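**Student:** Take this structure, written in structure tokens, and hold onto it; I'll ask about it next.
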Amino acid sequence: MRLKIPAGELVLGAVFAGTGLFWAAVAAGLPMWDGFAPATGFLPLTYGALLAILGIAATFADAAPAGDATDERREAPMGRPLLILLALAAGVAGIESAGFFAAMFLSMLFLFRVVERLPLVSSVAVSAASALVLTVVFRTWLGVPFPAGPWGF
Amino acid sequence: MSVIQELATGLAGALTPWNMLMCLAGVFAGQLVGALPGIGPSAAIALLLPLTFGADPTSAIILFAGIYYGAQYGGTLTSVLISVPGEPSSVMTSIDGYQMALQGKAGVALGIAAIGSFIAGTLSTIGLMLLAPPLARMALAFGPPEYFSLVVLGLTALAAVGGSVLKGLAAGVFGLLLSTIGIDQQTGVARFAFDRVWLLDGVGFIVLSVALFGVAEVLSSAGMATQRPITKIANLLPSRAEWKQSRMPILRGSLIGFVVGVLPATGATIASFVAYITEKKLAKDPSRFGKGAIEGVAGPESSNNAAAAGAMVPMLALGVPGSGTTAIILGALIMFGIRPGPELFDKNAQLVWTVIASMYIGNVFLLVMNLPLAGLFAQLLRVPYSWLYPPILALCVAGVYSQANSIEDVWMLVGFGALGWAMMRYEWPAAPMILGLVLGSIFENSMRQSMTLSHGSLGIFVTRPISAVLLACALIAVLAPAVARWWRARAHI
Amino acid sequence: MLLTRRSLLLAASAAPVAATFGGAHAQAGWQPTREVEFVVPFGVGGGADLLARVIHKIIVEDKLVPVPIALNNRPGGGGATGIGYVSARKAADPHTIILVNGTTQITPILNPAAKTLSEVRPVMNVMLDDFLLFVRGDAPWKDAKAFVADAKTKPPKSLAFATGGTTDVMAITIFSKATGVEYNALNFNSGGEALTQLLGGHVQACMGNPLEFMGHLQSKAVRALGVFREQRFTALPDVPTMKEQGIQTPAFQMWRGMATPKGTPDAPAKYWEGVFAKVVAAPAFKAYIAENIASEAPIPGDAFVKFLADQEKLYRDLLGKPA
């Protein structure tokens, strides 16, 4: 039986194998042996080569067959996860300039309002409360120096 | 018997109101920092250390020890409820504990974790009390070749954690590869850092585990067409049958955790991996693992707690650190004018026995605190997931940032979170990748150290008895399934 | 790499210029006016962090500065991450102080992408850590001389050292050069791990700071064969120096000090020098030094810059990375 491998899994396998090849290529420029023992490049080269082989082998030999019980997870549309990932990345990008509180607040608000379409008032309240609790616990109690925004928190 | 007498004086010291309060404060603080990803017991102890200067050293060490083992209870909470490992040692709990939570058994998972941790904590404290000197000698017998062989045994688990063998191996090798980023311990020179200062220390366990479990789970679950149903919380405490299932895993986990914890270069994280693999290999139906097997919670959770007590063995019996956290406790002892050394047990008997006694008390506190909390926190899962996941992401960001106060770590969280989501989607197991990252540096360093010692000969791994036994175990672990299959196939003919 | 040393010298020579430039503002001496950030480029709980917390506690409790002072751990990259944070976010900001040590100086020598001391203005050295040669209590060698004599009868690299970091490796290099014998060096994460390997008999010797070994030295589980300093230790009068035993090694100690960001004007630098001078004179600090079997070594301002330039030369020499 010929398996049809989903495009996404092909990309994932390529990421694994590509990382392996890249590692092997960089490691090839490092010293391999020093005196009695392997030097700094030996194991990275080995790992890289192994990963390149295993990445390809796992993709083609072991791709989960279509139509089994876990179908739901594999066939789920990619739009929403990508949107969530985007919101997360935007929030992280904002931490240094807008401060932890504001960046996380806006990021959560976006997820509640735009992605999940939840009521406005509750969304604002839950986002603000969550960001506040995290700021108090990590920054005030545990002394973690979260970046502050131009308004000082 | 003098142990009884010593323990009695210890108990008398530990049961004073002030020391009881310190013990309670310690386990409570430990529980809190354990539940928060990123911030761990080491950070909490270091934060509290200046406050205790000038205080009674015994009370301070009771407090610090409480934070240490309390954190092992706390780490379970976020792992089970939201699949965000609070500590690296609760990564394995995220696998089956979270599945149990999805099936409405969060209370059971947290309950069995608390009971298992209590039993493991108590048993290993007994072990610490009775066996510390011989165990400490065993720890000293572990040189580079022994660690190498132990890690080889651990690596045989790569393929066994997940479903597909090839995918498990690929993920494991990816983890090993990630462990090579940063400053090479043997030369002091960086590799794969691409002239980025923030890569000099490599990828943190917490960054990778929060990304692959926490963020990936959010992306995966929130993205599903059908929203996750609101789970009904069936029962809060383990049933008789569940207890029966967990009994042996708890005992085995305690033993594994204690022994692995005693070894200075390995700790609670590796102990929890070994316990999980052991349970999976021993199970009649290993396919239940990863789908909410209670043994997959009971084993690792007992094991990481036992490891915390195990790490106290080299500290108290030899005056050498048994883990990162005990290294800080040792530093604290020096600040109090106590020189940790092989004579700590004799010279500071009162302190040592009071701390040991306080560990029994602290474990009782933790059990009493956690059983009602298990039910309470399980209610969290009644909240619809769309309300839950944005704050979970914010918690992941806060936790990862707090670990090294580094924004680059948070970017790695986003990147590996995306990778983890793709892996989850196509069923590439994430746990081997973390196992590879955890074991990678010990594997490489012990191999290079051993070969330097042996002047390049590989014989050192088989001529030293402990190393040879461990390698034999690894060989059995690899061959046993194949032999079993062959045997079964023959029987069918 | 020339850059580090040149910019260190530059920082020293630029100082008078900055003084005349900012003189109008800083006649009556400078005082911090808002919260001071104390950047520790090392992880919470390590030896460097512990020192920072002691200094912080003394400054706060003795009210040495009129404003609050907040600790900020920025660990990673052998100090480069924390100092990178300072140069990116706190450039020339006199409301920032930084803990620096020998490790921060070694990092850019081995990893030129990392910038450390070139990005700060060294203000004062506060202490020095010593290096000792340790063997197990039941080892046959009674002193360093016997150790070397025995090593010379064996094939090269027969004796192995466990180390807890690059600074310990440098001590081995010094010892190896002075004695003309090659040794095996096995690197571990910390002095504590190296000690465990020594106690287990997997290696024959350790180079290390007294701190981790002290309890074992007192109980005779380990023996110290020699120390890399000019005179014997007051705390350890029985341990001979290497020179006494005819092993011609330079004095080798690891420094730990305080700095402000690069470009800090003279007035604030002087102000901080005054604060740190009070810190090192405080009884709590002296107690800390004694507990750690370290040496008090307040080296202020320009003398510190010169000291660092000498150390840099020594380190580059030992690591085989000439500037």
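The values are calculated or read from the model by the stated rules, or taken from the named source; none is laboratory data. Just so you know, these numbers come straight off a predicted model, no measurement behind them. We place every Cβ from the backbone using ideal geometry, glycine too, and count neighbours over all the protein chains shown. These accessible areas exclude ligands, DNA and RNA; they are computed on the full protein's heavy atoms, side chains included. Shrake-Rupley method; radii C 1.70, N 1.55, O 1.52, S 1.80 Å.
**Student:** Going through C:E193, C:E182 one at a time, which residue ends up being closer than 25 Å to B:F443 by Cβ, among the charged types (D, E, K, R), open to solvent by 10 Å² or more (accessible area, probe 1.4 Å) and under 26 Å from the mean Cα position of the chain (by Cα)?
**Tutor:** Checking each option against the conditions leaves just C:E193.
**Student:** Does C:D238 satisfy the condition of being open to solvent by 10 Å² or more (accessible area, probe 1.4 Å), more than 19 Å from C:N125 (Cβ to Cβ) and among the acidic types (D, E)?
**Tutor:** Here the answer is yes, as C:D238 does meet what is asked.
**Student:** In the stretch C:197-220, how many are aliphatic (A, V, I, L, M), facing chain B (nearest Cβ under 10 Å) and under 23 Å from the mean Cα position of the chain (by Cα)?
**Tutor:** Total meeting the criteria: 3.
**Student:** Ok, one more. Yes or no: the stretch C:144-156 includes at least one residue that is away from chain B (no Cβ under 14 Å), open to solvent by 40 Å² or more (accessible area, probe 1.4 Å) and of a type in the set (S, T, Y).
**Tutor:** yes
**Student:** Would a scan of the stretch B:321-344 turn up a residue that is assigned to a loop (DSSP other than H, G, I, E, B), among the aliphatic types (A, V, I, L, M) and more than 9 Å from every other protein chain (Cβ to nearest Cβ)?
**Tutor:** Taking every residue of the stretch B:321-344 in turn, none turns out to be assigned to a loop (DSSP other than H, G, I, E, B), among the aliphatic types (A, V, I, L, M) and more than 9 Å from every other protein chain (Cβ to nearest Cβ).
**Student:** Give the stretch B:101-118 a look and list any residue that's within 17 Å of the chain's Cα centre (by Cα) and over 18 Å from B:S358 (Cβ atoms), or say none.
**Tutor:** B:A109, B:L110, B:I112, B:A113, B:A114, B:I115, B:G116
**Student:** Another one. Going through the stretch B:413-435 one residue at a time, which ones are more than 9 Å from chain A (Cβ to nearest Cβ), touching a Gly at 6+ places or on another chain (Cβ under 7 Å) and assigned to a helix (DSSP H, G or I)?
**Tutor:** B:A431, B:P432, B:M433, B:I434, B:L435
**Student:** From the residues in the stretch C:63-80 that are out of contact with any strand residue (DSSP E or B) (no Cβ under 9 Å at 6 or more places or on another chain) and over 24 Å from A:W141 (Cα atoms), which one is most open to solvent (accessible area, probe 1.4 Å)?
**Tutor:** Once the filter is applied, the top-ranked residue is C:L64.
**Student:** More than 11 Å from C:V126 (Cβ to Cβ), in contact with a strand residue (DSSP E or B) (Cβ under 6 Å, 6 or more places away or on another chain), open to solvent by 50 Å² or more (accessible area, probe 1.4 Å) and not assigned by TED's automatic domain parsing to the domain that holds C:D238: which single residue out of C:K313, C:K262 fits that description?
**Tutor:** Result of the check over C:K313, C:K262: C:K262.
**Student:** For C:G84, only one of the following conditions fails: (1) within 23 Å of C:V305 (Cβ to Cβ); (2) of a type in the set (G, A, S); (3) surrounded by fewer than 24 Cβ atoms within 10 Å (Cβ to Cβ); (4) more than 8 Å from chain B (Cβ to nearest Cβ). What is its number?
**Tutor:** With (1) within 23 Å of C:V305 (Cβ to Cβ); (2) of a type in the set (G, A, S); (3) surrounded by fewer than 24 Cβ atoms within 10 Å (Cβ to Cβ); (4) more than 8 Å from chain B (Cβ to nearest Cβ) applied to C:G84, the lone miss is (4).
**Student:** Quick one: would you say B:G163 is more than 14 Å from chain C (Cβ to nearest Cβ) and not in a loop (DSSP other than H, G, I, E, B)?
**Tutor:** no
**Student:** Output the residues belonging to the stretch A:33-44 that are more than 7 Å from chain B (Cβ to nearest Cβ) and among the hydrophobic types (A, V, I, L, M, F, W, C).
**Tutor:** Listed by number, the residues that qualify are A:W33, A:A39, A:F42.
**Student:** Quick one: is B:A307 more than 11 Å from every other protein chain (Cβ to nearest Cβ) and closer than 24 Å to B:V161 by Cβ?
**Tutor:** Yes, satisfied.
**Student:** I would also like to ask the following. Would you pick out the residues in the stretch B:323-358 that are of a type outside the set (S, T, N, Q) and within 25 Å of the chain's Cα centre (by Cα)?
**Tutor:** Listed by number, the residues that qualify are B:G324, B:A327, B:I328, B:I329, B:L330, B:G331, B:A332, B:L333, B:V352, B:V355, B:I356, B:A357.
**Student:** Of everything in the stretch A:101-130, what is under 22 Å from the mean Cα position of the chain (by Cα), modelled with pLDDT under 95 and open to solvent by 50 Å² or more (accessible area, probe 1.4 Å)? Give them in sequence order.
**Tutor:** Matches in the stretch A:101-130: A:V114 only.
**Student:** Considering the stretch C:177-203 alone, what residues qualify as being closer than 26 Å to C:L128 by Cα and among the polar types (S, T, N, Q)?
**Tutor:** If the condition is that a residue be closer than 26 Å to C:L128 by Cα and among the polar types (S, T, N, Q), then C:T179, C:N187, C:N189, C:S190, C:T196, C:Q197 are the ones that fit.
**Student:** Over 22 Å from B:F118 (Cα atoms), open to solvent by less than 10 Å² (accessible area, probe 1.4 Å) and of a type outside the set (D, E, K, R), is that true of B:L102?
**Tutor:** When the stated conditions are applied, B:L102 does not pass them.
**Student:** Exactly one condition in (1) part of a helix (DSSP H, G or I); (2) at pLDDT below 90 is not met by A:A57; state its number.
**Tutor:** With respect to (1) part of a helix (DSSP H, G or I); (2) at pLDDT below 90, A:A57 is out only on (2).
**Student:** Can I ask one more? Could you grab me the full set of residues in the stretch B:303-320 that are closer than 17 Å to B:G40 by Cβ and either open to solvent by 10 Å² or more (accessible area, probe 1.4 Å) or in a loop (DSSP other than H, G, I, E, B) (or both)?
**Tutor:** Answer for the stretch B:303-320, where residues must be closer than 17 Å to B:G40 by Cβ and either open to solvent by 10 Å² or more (accessible area, probe 1.4 Å) or in a loop (DSSP other than H, G, I, E, B) (or both): just B:A311.
**Student:** Is it the case that the stretch C:198-207 has a residue that's part of a helix (DSSP H, G or I) and either crowded, with 21+ Cβ neighbours inside 10 Å or among the hydroxyl-bearing types (S, T, Y) (or both)?
**Tutor:** yes
To keep it simple, each residue is scored yes or no on (1) away from chain C (no Cβ under 14 Å); (2) open to solvent by 20 Å² or more (accessible area, probe 1.4 Å); (3) at pLDDT below 90.
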{"position": "B:T16", "(1), (2), (3)": "yes, yes, no"}
{"position": "B:A65", "(1), (2), (3)": "yes, no, no"}
{"position": "B:G70", "(1), (2), (3)": "yes, no, no"}
{"position": "B:V84", "(1), (2), (3)": "yes, no, no"}
{"position": "B:P88", "(1), (2), (3)": "yes, yes, yes"}
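**Student:** Those residues that are surrounded by fewer than 24 Cβ atoms within 10 Å (Cβ to Cβ), aliphatic (A, V, I, L, M) and in contact with a strand residue (DSSP E or B) (Cβ under 6 Å, 6 or more places away or on another chain), I need them from the stretch C:92-111; list them, please.
**Tutor:** Selection gives C:A92 alone.
**Student:** Can you name the condition, by its number, that A:Y47 falls short on among (1) within 7 Å of another protein chain (Cβ to nearest Cβ); (2) out of contact with any Phe, Trp or Tyr (no Cβ under 8 Å at 6 or more places or on another chain)?
**Tutor:** Single failed check for A:Y47: (2).
**Student:** Let me ask something additional. Give just the number: which of (1) in a loop (DSSP other than H, G, I, E, B); (2) open to solvent by 20 Å² or more (accessible area, probe 1.4 Å) does B:V274 not satisfy?
**Tutor:** That leaves (1) as the condition not met.
**Student:** Could you check C:A114 against (1) buried (at least 24 other Cβ atoms within 10 Å of the Cβ); (2) more than 14 Å from chain B (Cβ to nearest Cβ); (3) in a loop (DSSP other than H, G, I, E, B) and say which number it fails?
**Tutor:** Looking at each condition in turn, C:A114 falls short on (2).
**Student:** Condition test on C:Y288, is it of a type in the set (S, T, Y), in a helix (DSSP H, G or I) and under 13 Å from C:I106 (Cα atoms)?
**Tutor:** no
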